[in-house]
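Heads up: the structure comes next, in structure tokens.
Every number here is computed from the coordinates shown, using simple stated rules; none is lab data. Since we're looking at a predicted model, the values are computed, not measured.
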Amino acid sequence: MSNGPVPGAVLTREIELGPEHTITIMGEDARVLASPWMLLFMEQAARDLVLPALEAEEDTVGVGFQFEHVGTAKIGDRITVRAELLSSARNRLTFAVSVMRGERVVGRGIHVRARVNKRWFRRVAAR
């Protein structure tokens, strides 16, 4: 394994929400960002942040999440997803993650990913 990602690194990206990213259980007038989509956006940002710093045979997999979904974003809103690498210890990478709509927090949390050898992981997953 290389030295890899450096704590303090940040990735931000904007996403325009479509109907597929929202809940439907509260009716058409309450189509807001669904928690599973928010988590996916956070997880993808964290992975994409560190991927360029990994060796070709490495990747990361999510192993932990603690988050709050504290605000709303509707269809057509642009959200900003942010991941910051807080620490890297052995094969564990810990991130602060957030989703914002303008200046309003939609979600925030801590995400942990494990740095793995892809060949090893494929063997383990095939069992």
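Here are a few things to note about the model shown:
- Remark: region 19-24, residue by residue, has Karplus-estimated 3J(HN,Hα) of x, 5, 8, 10, 6, 10 Hz, where x stands for each Gly or Pro and the curve is 6.51 cos²θ - 1.76 cosθ + 1.60 at θ = phi - 60°.
- Whole-Hz ³J(HN,Hα) from phi, Karplus 6.51 cos²θ - 1.76 cosθ + 1.60, for region 101-107, glycine and proline x: 10, x, 8, 8, 6, 9, x
- On the principal axes of its alpha-carbon atoms, the chain has extents of 49, 35, 22 Å, going from largest to smallest.
- Build a GNM of the chain with springs between Cα atoms under 10 Å apart, and of Ala89, Ala45, Ala53 the one that fluctuates most is Ala89.
- Here is how the number arises for the chain: DSSP H runs of 4 or more residues each give -39500 (n - 2.57), the sum is divided by the residue count, and the result at 222 nm is -6000 deg cm²/dmol.
- Taking Cα atoms only, the orientation of helix 35-50 departs from the longest principal axis of the chain by about 40 degrees.
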